[in-house]
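These notes are about the structure you will find just below.
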Amino acid sequence: MKRPLKALVAAVALGSLALATGCSGEPVSFDTPSSTAGSGASGGSRGGGGTDDGKNGEAAAKTLMPTGPKAEFTTQNTVDDGTKIGKTTLEGKKSGFTGDVWVWAPPQYFDPKYANSGFPVLIALPGGNGYPKNYWMGTDLKLQSSISKWSKEGKSLPFIVVMPVLNPDDKYYYDGSDIPGQAKMGTWMTEDVPDFVRANFRTFKSRDGWAFMGSSSGAFVGLKSVLKHPDKFKAVIASGPDTVPDSPLWAGHEAEKAANNPEKLAEALSAQPSGPDKDVYLAFQIGTKESGLNNLRSFTKKYTKGPVKTRLEVIQDGEHNAKTYVKGMGDGSIQWISEHMQAPIPAS
C-alpha cells in the first residue's frame, strides 16, 4: 500500500541576471551567457574545478544543446543561493497528458565556463498522490539548496532538478505506468518529461546524465522507470519505496501489471551480463522508524548481480518523510550516484 508522506557556490553575477529576479508568479528565464573560458565562479570539485586541454571537444561530443521549443516559466520559489524554481505547464505529445512541471538549475549552470556543457538531470518525485503539486518545488525541504551545498563540497554533481506532477488526479495511484484505459503516466514520466528537459536545457546525450529521485510512491515510479528503461536512465535514489505495483487500476490487466513490476524487472535485468551501457545504480533509503527495511534487504540480496548495482542507506531514527530522505541523501546516497554519472565539462 502506498503511504502518504508528511507533508556549490554562490550564483555568479551573470547567472543571477540570467535568472531574472522577481517574486512568485513573475517570468523567469533559464537562458545562459555565452562561454568565456576561464571566467565565472568555480564549480564543485566533481566536474567543476578548473579547465583542461581537450575539454571543449569532449563537451561538444557529449552535450545536447536545447532543442526547443522553449517553454515559458514563472517563478515559484527562490533558493538560498538566489537561484529560482520555475514552473510551466507541459502538454505531453507522446502521452497526451497535460500537467505542471517545476524546474531548478544549479548556480554552475549559469557559469560561462560551462556554457557549452550539458548537465546531469535528476527527476524528483514526491510521495503521496503528487497532485496538483510536486512538493519538492518548495524550499522548506531544502532539496535544491542542499544540492547546491553538496556540489560545492564535492559530494554531489550540480544536477538540474525536474519536478513533474506524479499522478493525473488525487483519486488514485497510477504507478507511473501506462495502465490500459488510463492516462499514460509511464510515457509522460519517461518520454514527455525528458523531451521537455532536452528542449529547454543543456543535457547529456547518453543515459549517464539521467537519474530519478523519489519518496514512497514517487520512489516506486523512479525505481520502476530505471529498471524498465536502463537504456535511458542510469540511477535512482529510491526512498521508502514499494517494490511491487499496487494501483487498483491494474485490475483485469495482470500482464501489463507484471511488465511494470520492479521485482520482475530487476530479476530479468540481473540475469544479463554487466556492462557500461547497461549497469544501473539503485540507491535505496529507509529510516529505522519505518517499515520496509527487511523487504529492501531481501530485494538487494536477491537482485544485486549483473547490471544491477545497489546501495542501502539505513537512516538512524529516520521516519517515512521527505526530511529524513534529504538527510539520507547527504549521508551518502547522492554522492554514490554522482560517482557513476556524467559531470559537467568546463571549457578549456
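All of the numbers you see were taken from the coordinates with simple rules; none came from a lab. Remember, predicted model here, so these are calculated numbers, not experimental data. Using ideal geometry, Cβ is built from the backbone for each residue, glycine included, and neighbour counts are taken over all protein chains shown.
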Discussion item. Spelling out what I want: for every residue of the stretch 326-335, take phi, set θ = phi - 60°, compute 6.51 cos²θ - 1.76 cosθ + 1.60 (Karplus), and round to whole Hz; glycine and proline get x.
Written reply: 5, 4, x, 4, x, 6, x, 5, 5, 5
Response to the item:
Given Cβ charges of +1 for Lys and Arg and -1 for Asp and Glu, the option among LEU143, LEU157, SER177 whose Cα lies farthest towards the positive end of the dipole of the stretch 13-338 is LEU157
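Using only DSSP helix segments of four residues or longer, with each worth -39500 (n - 2.57), what per-residue ellipticity at 222 nm results for the chain after dividing by its residue count and rounding to 500?
-6500 deg cm²/dmol, from helical runs alone.
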Item to complete: Label the stretch 294-343 by shape, choosing from rounded, prolate and oblate, from the square roots a ≥ b ≥ c of the eigenvalues of the Cα gyration tensor; if a/c is under 1.5 it is rounded, and otherwise prolate applies when a/b is larger than b/c, oblate when it is not.
Response: oblate
Worksheet entry | Model label zone, GLU256; criterion: amide N under 11 Å from point 7 Å along Cα-to-beta-carbon; scope the stretch 165-191 | 177-186
Worksheet item: Once the Cβ-Cβ distance between LYS302 and ASP246 is put in as r, and R0 is 25 Å, what FRET efficiency do you end up with, to the nearest 0.05?
Response: 0.80
Discussion item. So if I restrict to the alpha-carbon atoms in the stretch 247-348, what is the Rg, and what is Dmax, the biggest pairwise distance, in Å?
Written reply: 16.5, 58
Discussion item. So if I average 1/r over every pair of distinct C-alpha atoms in the stretch 167-230 and take the inverse, what Kirkwood radius in Å does that give?
Written reply: 12.6
Worksheet item: Which value, in debye to the nearest 20, describes the size of the charge dipole of the stretch 13-338 about its Cα centre when Lys and Arg Cβ atoms bear +1, Asp and Glu Cβ atoms bear -1, and nothing else is charged?
Response: 600
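Convert 25 °C to kelvin, take the viscosity as 0.890 mPa s, use the Kirkwood radius over C-alpha pairs of the chain as Rh, and evaluate the Stokes-Einstein diffusion coefficient in µm²/s, rounded to a whole number.
In µm²/s, the coefficient rounds to 123.
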Worksheet item: Where in the stretch 304-327 does the label zone of ASP140 land, with the point 7 angstrom along Cα→C-beta and an amide N cut-off under 18 Å?
Response: 319-327
Practice prompt. Find how many whole Å separate the alpha carbon centroid of the stretch 64-115 from the alpha carbon centroid of the stretch 131-185.
Written response: 13
